[in-house]
Amino acid sequence: MRYIQLPELSHIAALVKKAAHKAGFELAGIAPVGGFAELRRFEAWIAAGRAGEMKYMEARDEAGKLKRASLQSTAPWARSVIVCAINYNTSQPYSVAVDTPGRGWISRYAWSREDYHQVVMRKLREVESQVRRAAGDDRDLITRCFVDTGPLVERVYAKHAGVGWIGKNTCILNQKMGSWLFLGVILTSLELTPDVPVPDRCGKCTRCIDACPTDALVAPYELDSKLCISYLTIEKRSAIPENLREGMGRHVFGCDICQDVCPWNRKAPATEAPEFQPREGLVNPALDWLAGMTADEFREKFRGSPIRRTKHSGLRRNAVIAMGNSGQRRFVPQLEKLASDEDPVVAESARWALSKLLSS
Ligand code: B12
Ligand code: SF4
Ligand code: SF4
């Protein structure tokens, strides 16, 4: 094994940022491996049942400790975490500025031509290979890339890598870029000099908390997934609790409200990256189109899209609920048919939507 000298390590730390920019990331930084106060909050968050049905968040190691709360058992070799962030904002309007009757809303991150997991992973691998080259292609050097599925709370590492601060809406915000950022991380056995966290610039603002339609931001910096439209429309399987349906409004996949209203996103720059440009029909989509999609159309339209996560059943369920919230009686005939749909969740949601429309 080649011993990596300290001057070489500082060279690698500088190279990380250059390599990240070259790969297409707007921001990058280095965080230490742990010991952060925020990770104790993660344990409390799980204990309070805030993860809802997302059981993968609760995975534990052999000692019974939450895997995502510490890298000690899952990656004991890790010495630094490289965090990269990429802008996915496009020059489309914000959801809070659009109100076309009978149309739904798919969140900004999911309009893209290519699934962000693939885009970010491809770019992370470019950075990883440059780091490995700079370390002399040392075979003992360990590096692992993750987008979403790694055993860590990415936003906590992003904060400690100086990428941005954690806003009261719980998103990573950067003073210049705003919060329309995807994160990706590279764990490495190299002990690189960490960056310094940036200060919290939320101040007295509470716009995100005030604007959340389902009161999912139960306290500043604390989100209850079970109440969040993003969770309900993407992660929640089967029926959505009736008391939360009205608050979902026209959202059919994800939710952007707590970011749309954030002052730091007022001047957020737009990306020209072709991967993140919207697919046809997904910005402010027609609800009758989504609710009437066949399984084949769904597969075809959303091949390589993050929207596949909610599945055909979930997207139709969400579209039907949005129809119920639309106040548009022109949807009644379609909903009457859907009320006896072979998918029981869609059928039950359609009956709810019908009674809502007919009583309004
Ligand atoms: C599970 C998950 C969700 C869940 C839960 C969200 C949540 N807030 O936890 C749901 C499905 C609701 C969700 C929604 C969204 N998600 Co999501 N999600 C994840 C995932 C996989 C894990 C997040 C996690 O660990 N949550 C656990 C909680 C406890 O963490 P947290 O809320 O971040 O809380 C931290 C801080 O708030 C802080 N803290 C807590 N309390 C307090 C109190 C004080 C006083 C202070 C100072 C700090 C503090 O400590 C906590 C950590 O321990 C990550 C990827 C990853 N592996 O990290 C993506 C990720 C967070 N999601 C992302 C995105 C884009 C979204 C959406 C915007 C998508 C959409 N448009 O619908 C929304 C945003 C909703 C929101 N306001 O957060 C991005 C965020 C990028 C960014 N700029 O921040 C990530 C990083 C994915 C990625 N690779 O880019 N998501
Ligand atoms: S994503 Fe929507 S529902 Fe979730 S916390 Fe933000 S505003 Fe509330
Ligand atoms: S809306 Fe205000 S409180 Fe919420 S994240 Fe943005 S600056 Fe912070």
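The values are calculated or read from the model by the stated rules, or taken from the named source; none is laboratory data. For clarity, every value in this text was computed on a predicted model and none was experimentally measured. We place every Cβ from the backbone using ideal geometry, glycine too, and count neighbours over all the protein chains shown. All accessible areas refer to the heavy atoms of the entire protein, side chains included, with ligands and DNA or RNA removed. Shrake-Rupley method; radii C 1.70, N 1.55, O 1.52, S 1.80 Å.
Miscellaneous remarks
- Some residue of region 262-269 being under 19 Å from the mean Cα position of the chain (by Cα), of a type outside the set (D, E, K, R), outside any loop (DSSP other than H, G, I, E, B) and within 15 Å of ligand 2 (Cβ to nearest atom): yes
- Meets criteria (within 9 Å of ligand 1 (Cβ to nearest atom) and either basic (K, R) or touching a residue at least 24 places away in the same chain (Cβ under 8 Å) (or both)) for I229: yes
- Flag for E53 being in a loop (DSSP other than H, G, I, E, B) and either within 13 Å of ligand 1 (Cβ to nearest atom) or within 21 Å of the chain's Cα centre (by Cα) (or both): yes
Yes or no, residue by residue, for (1) part of a helix (DSSP H, G or I); (2) under 21 Å from L282 (Cβ atoms); (3) open to solvent by 30 Å² or more (accessible area, probe 1.4 Å):
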| residue | (1), (2), (3) |
| --- | --- |
| V218 | no, no, yes |
| K226 | yes, no, yes |
| I240 | no, no, no |
| G247 | yes, no, no |
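- Members of region 244-280 that are more than 16 Å from ligand 3 (Cβ to nearest atom) and of a type in the set (A, V, I, L, M): L244, M248, V252, A270, A273
- Residues (among the hydrophobic types (A, V, I, L, M, F, W, C) and either more than 9 Å from ligand 1 (Cβ to nearest atom) or assigned to a helix (DSSP H, G or I) (or both)) located in region 249-261: V252, I257, C258, V261
- Single match in E191, E275 (criterion: touching a Lys or Arg at 6+ places or on another chain (Cβ under 7 Å), assigned to a helix (DSSP H, G or I) and among the acidic types (D, E)): E275
- Residue list for region 283-309, filter: open to solvent by less than 60 Å² (accessible area, probe 1.4 Å) and in a loop (DSSP other than H, G, I, E, B): V283, N284, P285, G292, M293, F302, G304, S305
- Near pairs, Cβ below 8 angstrom, 6+ apart or cross-chain, from region 198-222 (of a type in the set (S, T, Y)) to any residue that is part of a loop (DSSP other than H, G, I, E, B) and within 12 Å of ligand 1 (Cβ to nearest atom): T206/K168; T206/P220; T214/C228; Y221/G167; Y221/K168; Y221/T170
- Selection within region 229-238: residues that are at negative phi and either within 10 Å of ligand 2 (Cβ to nearest atom) or not in a helix (DSSP H, G or I) (or both). The member of this set that is farthest from the chain's Cα centre (by Cα) is R237.
- Positions within region 61-90 being open to solvent by 30 Å² or more (accessible area, probe 1.4 Å) and in contact with a Ser or Thr (Cβ under 9 Å, 6 or more places away or on another chain), in sequence order: D61, E62, A63, K65, K67, R68, W77, R79
So that you can scan it fast, the table gives a plain yes or no per residue for (1) out of contact with any strand residue (DSSP E or B) (no Cβ under 6 Å at 6 or more places or on another chain); (2) within 22 Å of A273 (Cβ to Cβ):
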{"residue": "A110", "(1), (2)": "no, yes"}
{"residue": "R113", "(1), (2)": "yes, yes"}
{"residue": "Y116", "(1), (2)": "no, yes"}
{"residue": "V119", "(1), (2)": "yes, yes"}
{"residue": "L124", "(1), (2)": "no, yes"}
{"residue": "A134", "(1), (2)": "yes, no"}
{"residue": "I142", "(1), (2)": "yes, no"}
{"residue": "V147", "(1), (2)": "no, yes"}
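- Selection count, region 146-167, where residues are touching a Pro at 6+ places or on another chain (Cβ under 8 Å) and open to solvent by less than 20 Å² (accessible area, probe 1.4 Å): 2
- Residue match in region 28-49 (condition: open to solvent by less than 10 Å² (accessible area, probe 1.4 Å) and either in a loop (DSSP other than H, G, I, E, B) or without any contact (Cβ under 8 Å) to a residue 24 or more places away in the chain (or both)): no
- Residue check, E280 over 23 Å from L173 (Cα atoms), away from ligand 1 (no atom under 11 Å from the Cβ) and part of a loop (DSSP other than H, G, I, E, B): yes
- Subset of region 197-211 (residues that are modelled with pLDDT of 95 or more and either open to solvent by 80 Å² or more (accessible area, probe 1.4 Å) or among the hydrophobic types (A, V, I, L, M, F, W, C) (or both)): R201, C202, K204, C205, R207, C208, I209, D210, A211
- Set side by side, the residues D115, D140 differ, and just one is modelled with pLDDT of 95 or more and open to solvent by 10 Å² or more (accessible area, probe 1.4 Å), which is D115.
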